[in-house]
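What follows is a short report on a single structure.
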Amino acid sequence: MTEFEAVAAADGHAMGKAFIFRHDEMVVPHFHVKKDEVDKETAALHSAFSSVRKYCSDNLGKAVSDSERALYSVQILMIDDPEWLQAIEGYIKNDLYNAAWAVECATAEIVRALSSVSDEYMKERIIDIVDIQKSVTEELTGKARQHIRLVRDVVLVADNLLTSELLALEGIQHLKAICLDAGGKTSHVSILAKGWGIPAVVGLKDFSLQVKEGECIIVDGYSGHVTASPGKKQIAAYEKRKQEEKDEEARLIREADTLARTADGVRFILQANVEDRLGIGDAIKAGCEGIGLFRTEFLEMKYGATEDFSIREGIYDEIASSMLGHGKVTFRTLDAGGDKFVEGFCGKEDNPLLGWRAVRFCLDRKDIFKSQISSILKASRHGNVRMMFPMISTLEELEECIALVEEAKKELSRRRIPFDPDIEIGTMIEVPSAAILSDAIADMVDFVSIGTNDLVQYVLAVDRGNEKISHLYRADNPAVLRLVKMVVDNCHERNIPAGVCGQIASEADMIPLLVGMGCDSLSMPPLSVGRIKERLGTLYKPDCEKLLNNVLSMNSHERVAEMLKDFNNGRKT
Ligand code: PEP
Ligand code: MG
């Protein structure tokens, strides 16, 4: 048994066999085949073997040197070795591995055996064997794009995972947990996992090199604890925790209809962050009062970027209509870029987090932007839609965005297409300049939503997805907290609501501070709503205000963390 500790990125307990996916080493695609595909996969293997054998014997015939002759002779011996072929066939038939993956596993066994013999000649043959494996793999895959396909329940262990790779994963129902060497708790893979209720631990450094394919892994997404090859005791403890978790979830769902209030009756609007249509059902089930953040760029990643958003109108309309009676839907316009690489919209940049992303891209490509704005406006005919802009960093950008909305409204009116003329327009505050200018911004919009995921990243100059500096990525840094408080105050002075839609809204330990600040709404992954509602119900506003005042007078995040811990453990601050 080996234990690992890293960043808890998405709640939940899971146990399963490791499915390893590494970008650097894995020239071979790994996926499971279905039972009825075994024969096809085995036939592909035989055909690859025949082609490679023919290639080797042709080359043996043409060989001019002894070393070449030796190489091709060994490779032919290998190709003709019935044990190697049987081992590969076994992986396909019994483990349902695709042929290339099976070749890799069977070859690794031979390589392991040869590495331990003392005969130098045999040891030197390893390179020839790996070479022949590559030839067979190339025959089988061509230049196949890496793609994750799951047909059995697994814990996905990867060096890193692109948001687009996770979105393209086939067999998502088999994905029981995610363990990544890289990443932070607010990187978008973690956000997706949290939204889908898949436990995740990230920032595990070289975990994917330390575990073996198929090794049993227990993942605790609450604490960031991962156990490889657990013993009986650990498995029993896991099963107990898993049952408790299920009971707890069922209880929270039963209480979904109660409104969110603090113990002294202060009302909070709890909304959902959603990335696709499926999330809407979860949001309604969890009792959310609206969608505080619909990340529209995920549809572009999933279905392929479109410059003509009329093809998204059906989805936007369906989302607005399914939410009728459950609060408003806040469509955030395209936030492509950063760690959300949308093929077709984003190019390669040296510094994508500070680059041509979100409204910066949209204001350069007004044709695309206006098309999206019009589609959102059309969905607003249901009367429950709001529109919000991401990554605003100057007033001029916001002015331009608002002007485009007005233009789009005029066009729709001219074409007699219905929309909500009073649609609320808001902006994310997630760039320090916008936070500092939030008094002026609050004069221009109907609401703001504070995106702490990016705000923390930009205030502290810490890439939110980089595990090497994850210890510096802290929403409890006093510089961040003072800025968030300033934004809330600026909004309230101008009589507009201030919400928070970054991950801290779903962190029970941070809630007392957000209550103390007087945030009006909190938007989070649907599955977090029950727990946050419960936490709110234990808090008294004056206590939270006192805590906040004490915290804001601190200069070090360590002191803030201690104070918060004391408060959350019921000790006086
Ligand atoms: C944020 O930055 O806090 C936010 C909610 O947006 P995203 O996580 O999509 O960047
Ligand atoms: Mg953001």
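The values are calculated or read from the model by the stated rules, or taken from the named source; none is laboratory data. A quick note: this is a predicted structure, and the numbers were derived from the prediction, not measured. Glycine also receives a Cβ, built like all others from the backbone with ideal geometry; neighbour counts cover every protein chain displayed. To get the accessible areas, we keep the full protein, side chains included, count just its heavy atoms, and leave off ligands, DNA and RNA. Shrake-Rupley method; radii C 1.70, N 1.55, O 1.52, S 1.80 Å.
Can you work out which of the residues in the stretch 396-410 that are of a type outside the set (A, V, I, L, M) and open to solvent by 10 Å² or more (accessible area, probe 1.4 Å) is farthest from ligand 1 (Cβ to nearest atom)? Within the stretch 396-410, the match that is farthest from ligand 1 (Cβ to nearest atom) is LYS410. Just to be sure I understand, how many residues within the stretch 442-453 are of a type in the set (A, V, I, L, M) and more than 16 Å from ligand 2 (Cβ to nearest atom)? Number of matching residues: 3.
Only helices (runs of 4 or more DSSP H) whose full extent lies in the stretch 180-259 are considered here, and the ones with at least 2 residues that are within 16 Å of ligand 1 (Cβ to nearest atom), surrounded by 24 or more Cβ atoms within 10 Å (Cβ to Cβ) and touching a residue at least 24 places away in the same chain (Cβ under 8 Å) are 188-196. Remark: pairs (first residue in the stretch 155-169, more than 19 Å from GLU467 (Cα to Cα); second residue open to solvent by 30 Å² or more (accessible area, probe 1.4 Å) and among the aromatic types (Phe, Trp, Tyr); Cβ separation under 8 Å; 6+ apart in sequence or on different chains) = SER164/PHE341. Annotation note: Cβ proximity below 9 Å between a residue of the stretch 327-354 that is over 16 Å from LEU293 (Cα atoms) and a residue that is more than 16 Å from ligand 1 (Cβ to nearest atom) and part of a helix (DSSP H, G or I) (sequence gap 6+ or interchain) occurs for PHE345/ILE368. Restricting ARG152, ARG112 to residues that are touching a His at 6+ places or on another chain (Cβ under 6 Å) and either open to solvent by 50 Å² or more (accessible area, probe 1.4 Å) or part of a helix (DSSP H, G or I) (or both) narrows the list to ARG152.
Go through the stretch 454-467 and give me each residue that's assigned to a loop (DSSP other than H, G, I, E, B) and within 10 Å of ligand 2 (Cβ to nearest atom).
Selection gives ARG464 alone.
Quick grid of which residues meet (1) surrounded by fewer than 18 Cβ atoms within 10 Å (Cβ to Cβ); (2) at positive phi; (3) modelled with pLDDT under 90; (4) not small (Gly, Ala, Ser):
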{"site": "LYS54", "(1), (2), (3), (4)": "yes, no, yes, yes"}
{"site": "LYS62", "(1), (2), (3), (4)": "yes, no, yes, yes"}
{"site": "ASP66", "(1), (2), (3), (4)": "yes, no, yes, yes"}
{"site": "MET78", "(1), (2), (3), (4)": "no, no, yes, yes"}
{"site": "GLU89", "(1), (2), (3), (4)": "no, no, no, yes"}
{"site": "ILE92", "(1), (2), (3), (4)": "no, no, no, yes"}
{"site": "ASP95", "(1), (2), (3), (4)": "yes, no, no, yes"}
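The set of residues in the stretch 260-277 being free of Cβ contacts under 8 Å to residues at least 60 places away in the same chain and surrounded by fewer than 14 Cβ atoms within 10 Å (Cβ to Cβ) consists of GLY265, ARG267, ARG277.
Checking each residue in the stretch 331-349 for being assigned to a loop (DSSP other than H, G, I, E, B), modelled with pLDDT under 90 and within 15 Å of ligand 2 (Cβ to nearest atom) picks out GLY338, ASP339, PHE341, VAL342.
Among the residues of the stretch 425-440, those that are β-branched (Val, Ile, Thr) and either assigned to a strand (DSSP E or B) or in contact with a helix residue (DSSP H, G or I) (Cβ under 6 Å, 6 or more places away or on another chain) (or both) comprise ILE425, THR427, ILE429, VAL431.
When every residue of the stretch 412-427 is checked against the conditions, at least one turns out to be within 16 Å of ligand 1 (Cβ to nearest atom), of a type outside the set (Ser, Thr, Tyr), open to solvent by less than 30 Å² (accessible area, probe 1.4 Å) and out of contact with any Leu (no Cβ under 7 Å at 6 or more places or on another chain). The single residue among GLU307, GLU313 that is in contact with a Lys or Arg (Cβ under 7 Å, 6 or more places away or on another chain), surrounded by fewer than 20 Cβ atoms within 10 Å (Cβ to Cβ) and either over 30 Å from GLU255 (Cβ atoms) or modelled with pLDDT of 95 or more (or both) turns out to be GLU313. Would you point out the residue of the stretch 442-471, among those that are at pLDDT 95 or above and more than 16 Å from ligand 1 (Cβ to nearest atom), that is nearest to GLU558 (Cα to Cα)? The extreme case among them is ALA442. Residues in the stretch 460-484 that are crowded, with 19+ Cβ neighbours inside 10 Å, more than 17 Å from the chain's Cα centre (by Cα) and of a type in the set (D, E, K, R): ASP476 alone. The set of residues in the stretch 362-395 being open to solvent by 10 Å² or more (accessible area, probe 1.4 Å) and of a type outside the set (S, T, N, Q) consists of LEU363, ASP364, ARG365, LYS366, ASP367, LYS370, LYS378, ARG381, HIS382, GLY383, ARG386, LEU395.
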